[in-house]
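Let me give you the structure first, and then I'll get to my questions.
The values are calculated or read from the model by the stated rules, or taken from the named source; none is laboratory data. Predicted model, so just to flag it, every value in this text is computed and none were measured. Here Cβ is always computed from backbone atoms with ideal geometry, including for glycine, and neighbour counts include all displayed protein chains. When the accessible area is computed, the model is the full protein with side chains, heavy atoms only, and any ligands, DNA or RNA have been set aside. Shrake-Rupley method; radii C 1.70, N 1.55, O 1.52, S 1.80 Å.
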Amino acid sequence: MDVILTAEGELVTAALSGEIDHHGAGEIRQRIDELVQRAEPKELILDFRDVTFMDSSGIGLVMGRYRLVQSFGGTLCLRNVSAPLKKVMKLAGLDRIARMEDTRPGQKL
């Protein structure tokens with residue numbers, strides 16, 4: 001698993017790729033948290049476009065980043081989530097704490 005982080009103004013984007021599992025989630029969490037704590041963005045976007053697998057560690061990753069960004073008044077957006085992952089996220093209630101959007105051509109929410 002890998003993450004590419006960008007900060008532009010009041011927006012931080014974390015482009016995730018590969019498998020989000022117990023082995024890689026901790027390092028990714030730490031890298032995202034370090035930037036978010038420095039930047040204190042109005043919005044954090046977690047982009048799942050290139051994520052191929054996610055277990056419960058991914059749910060924890062999302063929930064923890066939600067709590068972090070909310071602690072200073074920011075919001076969370078889950079972007080480009082595949083249909084199978086979206087189903088799991090909705091079952092976990094993540095669609096109630098974060099905005100979900102899809103920027104891929106021809107995709108529906």
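Can you list the residues, at least 5 places off or on another chain, whose amide H is less than 5 Å from the amide H of Val51, using H built in the peptide plane?
Here the answer is Gly18, since their amide H atoms fall under 5 Å of that of Val51.
Still on this structure, I have one more. Using θ = phi - 60° and the Karplus relation 6.51 cos²θ - 1.76 cosθ + 1.60, list the HN-Hα couplings for the range 77-82 in order, rounded to whole Hz, with x at every Gly or Pro.
10, 9, 10, 6, 7, 5
Provide the solvent-accessible area of Ser56, counting protein heavy atoms only and rolling a 1.4 Å probe, rounded to the nearest 10 Å².
Per-residue accessible area (Ser56): approximately 90 Å².
Also: Counting each DSSP H run of 4 or more residues in the chain as -39500 (n - 2.57), what helix-only mean residue ellipticity at 222 nm follows after dividing by all residues, to the nearest 500 deg cm²/dmol?
Theoretical 222 nm ellipticity from helices: -12500 deg cm²/dmol.
List, in order, the whole-Hz ³J(HN,Hα) value for each residue of the range 60-71 obtained from phi through the Karplus relation with A = 6.51, B = -1.76, C = 1.60 and θ = phi - 60°; use x for Gly and Pro.
Per residue, the Karplus-derived 3J(HN,Hα) values read x, 4, 5, 5, x, 5, 4, 4, 5, 5, 5, 4 Hz.
A follow-up question, please. Would you mind calculating the relative contact order of the range 22-109 from Cα pairs under 8 angstrom and at least 6 residues apart, reporting the percent as a whole number?
30 percent.
Further question on the same structure: For the chain, what proportion of DSSP beta bridges, expressed in % and rounded to the nearest 5, is antiparallel?
30 percent
Let me ask something else about it. Starting from the Cα-Cα distance between Asp2 and Thr75, subtract it from 0.36 nm times their residue separation and give me the gain in nm to one decimal.
24.0 nm
Heavy atoms only, 1.4 Å probe, whole protein assembly: order Phe48, Phe72 by accessible area, highest first.
Descending accessible area places them as Phe72, Phe48.
What's the local net charge at Ala92, with K and R +1, D and E -1, over the other residues with C-beta under 13 Å away?
Net charge around Ala92: +2.
Need the full-extension length gain, Arg104 to Glu34, defined as separation in residues times 0.36 nm minus the C-alpha distance. One decimal, nm.
Answer, rounded to one decimal: 22.4 nm.
Just grab the label-to-label distance for Ala83 and Glu27, each label 7 Å out from Cα along the Cβ direction, in nm (one decimal).
So the label points at Ala83 and Glu27 sit 3.3 nm apart.
What accessible area per residue comes out for the chain, rounded to a whole number of Å², with a 1.4 Å probe?
I get 55 Å² per residue for this part.
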